[in-house]
Amino acid sequence: MTTKCDLAKKRFTEGFHCSQVILEAFAEDYGLDPILARRIGNPLAGGSGLGGECGAVTGALMVLGMEYGMADSDDLEAFQTTFEKVGSFVDKFKARHGNLNCHQLIGLNVFSEEGLKEFMAKDIKLTQCIKYVEDAVGIVEEIINQDQESE
């Protein structure tokens with residue numbers, strides 16, 4: 001049986017981006033077509049194309065939104081729960097990696113010509129970023145599983 005982490009890492013090595021593989025790994029749990037999940041996650045790669053928060057982080061936060069997010073505008077409990085789970089994810093990811101920002105995590109700007117060259121030359125996607133993907137999936141699973149065990 002393929003785990004969510006295995007699927008995410010497989011897709012990542014196939015050339016998909018961090019945010020895409022996180023969303024795809026959880027897509028079927030929420031009735032979302034895996035190809036559509038990849039499309040949704042595409043603009044979030046590389047810190048939303050701006051070097052902001054790591055795509056693995058934003059993909060993971062979207063999964064937490066699918067699990068806990070409010071569907072009705074007056075569902076304040078779901079709103080509150082979602083942000084508690086987001087806070088938990090952020091704390092755990094930062095404890096492991098020290099940051100949420102793509103450029104700071106990898107130490108360069110992949111949207112500059114020299115940064116992209118270095119990213120490719122050092123194979124940072126497979127030497128660094130894959131760990132962020134793996135940890136993001138694991139943390140999300142940990143958060144969701146804790147709730148399911150306590151029910």
Report, in degrees rounded to the nearest 10, the 0 to 90 angle that the Cα long axis of helix 4-13 makes with the longest principal axis of the chain. 20
Give me the lysines in straight-line cross-link reach of K117: C-alpha distance below 22 Å, same-chain residues under 8 apart excluded. K125, K131
Note down, for the chain, the three equivalent ellipsoid semi-axes (square root of 5 times each alpha carbon gyration tensor eigenvalue), biggest first, whole angstrom. 26, 16, 14
Mean ellipticity per residue at 222 nm, deg cm²/dmol - from DSSP H runs of n ≥ 4 across the chain, formula -39500 (n - 2.57): -20500 deg cm²/dmol
To the nearest 20 debye, what charge dipole does the chain have about its Cα centre, counting +1 at the Cβ of each Lys and Arg and -1 at the Cβ of each Asp and Glu? 880
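May I ask you to derive the relative contact order of the chain, considering only C-alpha pairs under 8 Å and at least 6 residues apart, and to give it as an integer percent? Numbers along the way, then the final one.
Values: 185 pairs, mean separation 38.2, N = 151.
Here the relative contact order equals 25 percent.
Throughout, read-outs are computed from the coordinates displayed, never taken from laboratory work. Note that this is a predicted model, so its numbers are computed, not measured. Here Cβ is always computed from backbone atoms with ideal geometry, including for glycine, and neighbour counts include all displayed protein chains.
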